[in-house]
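Engineer: Quick one: the structure is below, and I'll ask about it shortly.
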Protein chains: 2
Amino acid sequence: MQKQQNLSKNQQIIFDIIHNSSEPLKAYSILFNVQKKGIKAPLQVYRALDKLVELGKIHKIESRNAFIACQNSSCQISKATAFSICESCEQVSEISNTKLSKYLSNFTDEAGMKYNKYNLEFFGLCKKCKSK
Amino acid sequence: MQKQQNLSKNQQIIFDIIHNSSEPLKAYSILFNVQKKGIKAPLQVYRALDKLVELGKIHKIESRNAFIACQNSSCQISKATAFSICESCEQVSEISNTKLSKYLSNFTDEAGMKYNKYNLEFFGLCKKCKSK
DNA sequence: TTATAAATGTTATATTATTACATACTGTTA
DNA sequence: TAACAGTATGTAATAATATAACATTTATAA
């Protein structure tokens, strides 16, 4: 329940739920979970999610429309993200690999373009599911 | 309008529209475009899209919920995809860079896991937008 | 030719996300 | 402290994206 400075009430409530979850959470499942705390409308959830993403406290898993807490203490702003996703159990982990992030941050395309931001999603079977 | 063998009627109609588009297309914009051709329901579009993705003829740009034709002739099955996305004009290009794809296909995480599939989206400003 | 898989058609509905507008809170600075 | 600006909240309505369920047809191949 680690208290985060400078989050607003709704932002804190929603961050806590995501942070305490062992799996990525979808917006409407978050909504369902926070209705007892007085957050009643989708927009209240989406606004907090937007802000938390902007702050780098959470990331959106684009292929799943779901959100996880940032697992990478150094990632203040989420402009360089990488995840592994198990296609069987849907477990998601954030990858923090210095070589990978350096490689991608320095990547230059055929036209000489560099990019200030990327998102990478790996898919496969996690250890548990592979051994089944 | 290049005729593709072994696509069904709806698949062919929808592939042609995506293939001839200069920008990624969203499912409901495709639907709107094909209503004159007798495709009336979202599901008809989504089914064709699913199949085309499975065949590697098109790719889904996850962060945009939109679809583009595969620009990489060698990419039969879309299990290793990379795109550059302009955050200003929303132009999207598929990146086919052998070094990058080798690097990512061989990537091994801290736990020794390899992945059989990935999707990478780079964000930035395209040449045109940068020079504005 | 018959049976199996793939594709289609149709209606309804589920899920994800935003617009628009009114109000309240928080932190500055005059 | 008053006035202001910026951020956050509340609420209702609706837009945009995607799937379930079921009936039927077409293509393929044994």
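Engineer: Looking at (1) surrounded by fewer than 20 Cβ atoms within 10 Å (Cβ to Cβ); (2) more than 16 Å from DNA strand C (Cβ to nearest atom), which one does B:Glu90 not meet, given that it meets all the others?
Structural biologist: Only one criterion is unmet by B:Glu90, namely (2).
Engineer: Filter region A:94-132 down to the residues that are more than 23 Å from the chain's Cα centre (by Cα) and among the basic types (Lys, Arg) and list them by number.
Structural biologist: As a first pass, look at region A:94-132 and keep what is more than 23 Å from the chain's Cα centre (by Cα): A:108-114, A:130-132.
Those that are more than 23 Å from the chain's Cα centre (by Cα) and among the basic types (Lys, Arg): A:Lys114, A:Lys130, A:Lys132.
Engineer: Next up: Within region B:121-130, is there a residue that is within 14 Å of A:Ala111 (Cβ to Cβ) and either among the acidic types (Asp, Glu) or more than 10 Å from chain A (Cβ to nearest Cβ) (or both)? Spell out the reasoning first.
Structural biologist: Going through region B:121-130, the residues within 14 Å of A:Ala111 (Cβ to Cβ) turn out to be B:122, B:124-130.
Remaining after also requiring either among the acidic types (Asp, Glu) or more than 10 Å from chain A (Cβ to nearest Cβ) (or both): B:128-129.
Within region B:121-130 (the criterion being within 14 Å of A:Ala111 (Cβ to Cβ) and either among the acidic types (Asp, Glu) or more than 10 Å from chain A (Cβ to nearest Cβ) (or both)), the answer is yes, since at least one residue qualifies.
Engineer: Any idea which of A:Ile30, A:Ile18, A:Ile58 is within 11 Å of DNA strand C (Cβ to nearest atom) and touching a residue at least 12 places away in the same chain (Cβ under 8 Å)? Walk me through how you get there before you give the answer.
Structural biologist: Details: A:Ile18 fails: within 11 Å of DNA strand C (Cβ to nearest atom); A:Ile58 fails: within 11 Å of DNA strand C (Cβ to nearest atom).
Only one candidate passes the filter, namely A:Ile30.
Engineer: Report yes if some residue within region B:62-84 is surrounded by 17 or more Cβ atoms within 10 Å (Cβ to Cβ) and among the β-branched types (Val, Ile, Thr); otherwise report no.
Structural biologist: Yes: region B:62-84 contains one or more residues that are surrounded by 17 or more Cβ atoms within 10 Å (Cβ to Cβ) and among the β-branched types (Val, Ile, Thr).
Engineer: From the list B:Ser105, B:Ser93, B:Ser8, which one is small (Gly, Ala, Ser) and within 13 Å of DNA strand D (Cβ to nearest atom)? Walk me through it before giving the result.
Structural biologist: Working: B:Ser105 fails: within 13 Å of DNA strand D (Cβ to nearest atom); B:Ser93 fails: within 13 Å of DNA strand D (Cβ to nearest atom).
From the options B:Ser105, B:Ser93, B:Ser8, the qualifying one is B:Ser8.
Engineer: So, one more: Looking only at region A:11-52, count how many residues are hydrophobic (A, V, I, L, M, F, W, C) and either more than 12 Å from DNA strand D (Cβ to nearest atom) or exposed (fewer than 13 other Cβ atoms within 10 Å of the Cβ) (or both). Steps first, answer last, please.
Structural biologist: Quick first cut of region A:11-52, residues hydrophobic (A, V, I, L, M, F, W, C) only: A:13-15, A:17-18, A:25, A:27, A:30-32, A:34, A:39, A:41, A:43, A:45, A:48-49, A:52.
Those left that are additionally either more than 12 Å from DNA strand D (Cβ to nearest atom) or exposed (fewer than 13 other Cβ atoms within 10 Å of the Cβ) (or both): A:17-18, A:25, A:30, A:32, A:41, A:43.
Here the count works out to 7.
Engineer: Let me ask something additional. All but one of (1) within 12 Å of chain A (Cβ to nearest Cβ); (2) surrounded by fewer than 14 Cβ atoms within 10 Å (Cβ to Cβ); (3) not small (Gly, Ala, Ser) hold for B:Asp109; state the number of the condition that does not hold.
Structural biologist: Looking at each condition in turn, B:Asp109 falls short on (2).
Engineer: Here's a follow-up. Against the condition away from DNA strand C (no atom under 13 Å from the Cβ) and without any contact (Cβ under 8 Å) to a residue 12 or more places away in the chain, how does A:Lys40 come out, does it pass? Show your work before the answer.
Structural biologist: Numbers: away from DNA strand C (no atom under 13 Å from the Cβ): no; without any contact (Cβ under 8 Å) to a residue 12 or more places away in the chain: yes.
In short, no.
Engineer: Hey, another quick one. So is A:Ser63 within 28 Å of B:Tyr118 (Cβ to Cβ), more than 11 Å from the chain's Cα centre (by Cα) and either assigned by TED's automatic domain parsing to the domain that holds A:Phe123 or free of Cβ contacts under 8 Å to residues at least 12 places away in the same chain (or both) or not? I'd like the intermediate steps shown before the answer.
Structural biologist: Working: within 28 Å of B:Tyr118 (Cβ to Cβ): yes; more than 11 Å from the chain's Cα centre (by Cα): yes; either assigned by TED's automatic domain parsing to the domain that holds A:Phe123 or free of Cβ contacts under 8 Å to residues at least 12 places away in the same chain (or both): no.
When the stated conditions are applied, A:Ser63 does not pass them.
Engineer: Same structure again: Please name all residue pairs, on different chains or six or more residues apart, with Cβ atoms under 6 Å, provided the first residue is in region A:111-132 and is more than 23 Å from B:Gly112 (Cβ to Cβ) and the second residue is of a type in the set (Ser, Thr, Tyr) and surrounded by fewer than 18 Cβ atoms within 10 Å (Cβ to Cβ).
Structural biologist: Hits for this filter: A:Lys114/A:Thr108.
The values are calculated or read from the model by the stated rules, or taken from the named source; none is laboratory data. Predicted model only: the values in this text are computed from it and were never measured. Cβ coordinates were reconstructed from backbone atoms using ideal geometry, including for glycine residues, and neighbour counts include every protein chain displayed.
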